[in-house]
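Q: Supplied in structure tokens, the structure appears directly below.
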Amino acid sequence: MAILINHTQRAIFFGQTMLVPARPTEVGNLTTIRKTYPDISDAISAGDIEKLTTKEAAAAVAELEDKTVEEIQEYAKEHGIDLTGKETKEEMLDAVSGV
């Protein structure tokens, strides 16, 4: 099991997986993913997607959760994420996290 983070400003899809910008995502075997999805392999090599340790992933999640509502709204706007109907910080975080 590997943890990846998407450093682009768009969601990246492969198989049944969606990598939301700035949100660590657990994926399967990285070697298999790189072989099966050459575009993902290229994005990793280019630095658009990064493999994280568990500690780095926890820090990335904490950083996102520490944002104010205004910062989350700005982040959503920059990344084209619709927050319509999202009234609480938790709902907004779920939306930007792809939950």
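No lab work stands behind these numbers, since they all come straight from the coordinates. Source: prediction; values computed, not measured. Neighbour counts run over all protein chains shown; Cβ positions are idealised from the backbone, glycine included.
Q: Hey, how much of the P(r) for the stretch 8-51 falls beyond 17 Å, as a percent of Cα pairs? Present the calculation step by step, with values, prior to reporting the outcome.
A: Details: 188 of 946 pairs.
In whole percent, the long-distance tail amounts to 20.
Q: Under 14 Å from the Cβ of Thr8, count the other residues' Cβ atoms, weight Lys and Arg +1, Asp and Glu -1, and hand me the total.
A: Numbers: positive: Arg10, Arg23; negative: Asp39, Asp42, Asp48, Glu50, Glu78.
Here the charged neighbours net out to -3.
Q: For the chain, just say rounded, prolate or oblate: build the C-alpha gyration tensor, square-root its eigenvalues into a ≥ b ≥ c, call rounded for a/c under 1.5, and beyond that prolate if a/b exceeds b/c, oblate if not. Display every interim value, and only then the final one.
A: On the way: a/c = 2.27, a/b = 1.82, b/c = 1.25.
Judged from the Cα gyration tensor, the chain comes out prolate (a/c at least 1.5, a/b above b/c).
Q: So what's the back-of-envelope 222 nm ellipticity for the chain, counting only DSSP H runs of four-plus at -39500 (n - 2.57) apiece and dividing by all residues, rounded to 500?
A: Helix-only estimate at 222 nm: -13500 deg cm²/dmol.
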